[in-house]
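J.: This is the structure I want to talk about, given as structure tokens.
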Amino acid sequence: MAAPSTVTISDDVDAEAFKRLYPEQYYDRFLSEGLRPDGRPLGRARAVTIGAGAITSVDGSALVKVGRTTVLAGVRLEIIRPDEMSPSLGQLALSVELAPFSSQEYRPGRPPDHVSVITEHLTTALLSGDDAVELTSLCIAQGKAAWRASLDLYVLDADGCVLDAALLAALAALRNTRIPPVRTTRDGHYVPVGGGRAGDAGGEGVVESSPIAIGLGRCPLGLTCCLYRGHLLVDPTADEERLAECCVSVVLDQHGRLQGVYKLGGKVLADAGTLVKCTEAARLRYRELSGIMELSLGQAAKGTGGNV
């Protein structure tokens, strides 16, 4: 059997050029030391910041950074007439858009395949069953009026684990959303009361039963891990995802219950032992993320800014 090829480089070769030309050899140099190119041990996730209420022109928002991966989420509300088949349910519409400068895979007029995959997984996580986003909490008057929440996510930098960052941004934006009070007009229309909170509303025509927040029965968050040369890498960068033999995202709820396992890339399947390790890492990560999110949401609610 032929020996594996090696690459010898001179001292004056730029490290970034070597990384582009020989990505596996470049990465293996770090892996042999138990580290990754960004200095992290193999099992350490990247630092996270959450800026709840980052956009003041929408009803709810959050800016999330996981390492360099950056996702901005915004929620816009409008009053609609409920569907006749679901008179007590509001609606949640979800969209994901990749900024042109966010990924080397971006091509004008042709969004990368993983955008549709992320949208599908987000929809499953947030709308499967009836206890994640509670659409009944968006009902204003049964059969007459309900809220439609449009959740728009913009991926500003896709440096790995976009699903994890998008799910975190979506959840933070939904929890940051405050629904304005609603009143009825003389001709029977339902309109929001501008510029106030539900507790500020009063007078004739105000719908007392109108919701003030989007109900969330489950709070799903995820962690992606990948396999490379038999090593499990937690929270991989985009470069690591491209080299990986397998990428798996594990989604859990606040009780540690498994909500989904998604294979996002790679040519091999993860075995049972790998999935167990990914799930345990996801449970640890969930506690970290939920703590950061609660702090950010609390600061945003106090009006002191939600950047954490």
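J.: Return the residues of the range 199-215 that are at pLDDT below 85 and open to solvent by 40 Å² or more (accessible area, probe 1.4 Å); say none if nothing qualifies.
T.: Those that are at pLDDT below 85 and open to solvent by 40 Å² or more (accessible area, probe 1.4 Å): Gly199, Asp200, Gly202, Gly203, Glu204, Glu208, Ser209.
J.: Shifting gears a bit: Using the structure shown, decide if Asp38 is in a loop (DSSP other than H, G, I, E, B), of a type in the set (Asp, Glu) and in contact (Cβ under 8 Å) with a residue 12 or more places away in the chain.
T.: yes
J.: Okay, next question. Going by the structure shown, is Ala93 open to solvent by less than 20 Å² (accessible area, probe 1.4 Å), modelled with pLDDT of 95 or more, in a strand (DSSP E or B) and of a type in the set (A, V, I, L, M, F, W, C)?
T.: Here the answer is no, as Ala93 does not meet what is asked.
J.: Identify, by number, the condition in (1) more than 25 Å from the chain's Cα centre (by Cα); (2) at pLDDT 90 or above; (3) surrounded by 14 or more Cβ atoms within 10 Å (Cβ to Cβ); (4) not in a strand (DSSP E or B) that Arg218 doesn't meet.
T.: (1)
J.: In addition: How about the range 278-308: which of its residues are outside any helix (DSSP H, G or I), open to solvent by less than 70 Å² (accessible area, probe 1.4 Å) and of a type in the set (Ser, Thr, Tyr)?
T.: If the condition is that a residue be outside any helix (DSSP H, G or I), open to solvent by less than 70 Å² (accessible area, probe 1.4 Å) and of a type in the set (Ser, Thr, Tyr), then no residue fits.
J.: When only residues in the range 263-277 that are open to solvent by less than 30 Å² (accessible area, probe 1.4 Å) and not in a helix (DSSP H, G or I) count, which is modelled with the lowest pLDDT?
T.: Among residues in the range 263-277 that are open to solvent by less than 30 Å² (accessible area, probe 1.4 Å) and not in a helix (DSSP H, G or I), the one modelled with the lowest pLDDT is Gly265.
J.: Among the residues of the range 48-71 satisfying the criterion of being in contact with a strand residue (DSSP E or B) (Cβ under 7 Å, 6 or more places away or on another chain) and in a loop (DSSP other than H, G, I, E, B), which is nearest to Ala166 (Cα to Cα)?
T.: Result: Arg68.
J.: Name every residue in the range 150-181 that is closer than 16 Å to Gly53 by Cβ, open to solvent by less than 10 Å² (accessible area, probe 1.4 Å), not in a strand (DSSP E or B) and not hydroxyl-bearing (Ser, Thr, Tyr), in order of residue number.
T.: Leu168, Ala169, Ala170, Leu171, Ala172, Ala173, Leu174, Ile179
J.: So, of the residues in the range 17-53 that are open to solvent by 50 Å² or more (accessible area, probe 1.4 Å), under 30 Å from the mean Cα position of the chain (by Cα) and farther than 29 Å from Val276 by Cα, which turns out to be modelled with the highest pLDDT?
T.: The selected residue is Arg20.
J.: Which of the residues belonging to the range 278-303 are touching a helix residue (DSSP H, G or I) at 6+ places or on another chain (Cβ under 9 Å) and either of a type in the set (Ser, Thr, Tyr) or at pLDDT below 95 (or both)?
T.: Within the range 278-303, Ser296, Ala300, Ala301 qualify.
J.: Take Leu223 and decide whether it is part of a strand (DSSP E or B), modelled with pLDDT of 90 or more and within 18 Å of the chain's Cα centre (by Cα).
T.: Answer is yes for this residue.
J.: Moving to a separate point now. Does the range 226-235 contain any residue that is at pLDDT 95 or above and either farther than 19 Å from Ala165 by Cβ or of a type in the set (Gly, Ala, Ser) (or both)?
T.: The answer is no; no qualifying residue exists.
J.: Further question on the same structure: Regarding Arg186, is this residue in contact (Cβ under 8 Å) with a residue 40 or more places away in the chain and open to solvent by 20 Å² or more (accessible area, probe 1.4 Å)?
T.: no
J.: Also: What are the pairs, 6+ residues apart or on separate chains, where a residue within the range 12-25 that is within 14 Å of Asp239 (Cα to Cα) has its Cβ under 7 Å from a residue that is surrounded by 14 or more Cβ atoms within 10 Å (Cβ to Cβ) and at pLDDT below 75?
T.: Listed by first residue and then by second, the contacts come to Phe18/Ile9.
The values are calculated or read from the model by the stated rules, or taken from the named source; none is laboratory data. The structure presented is a predicted model; accordingly, all values stated were derived computationally and were not measured. All Cβ positions, even for glycine, are placed from backbone atoms using ideal geometry, and neighbour counts span all protein chains on display. What goes into the accessible areas is simple: the full protein's heavy atoms, side chains included, and nothing from ligands, DNA or RNA. Shrake-Rupley method; radii C 1.70, N 1.55, O 1.52, S 1.80 Å.
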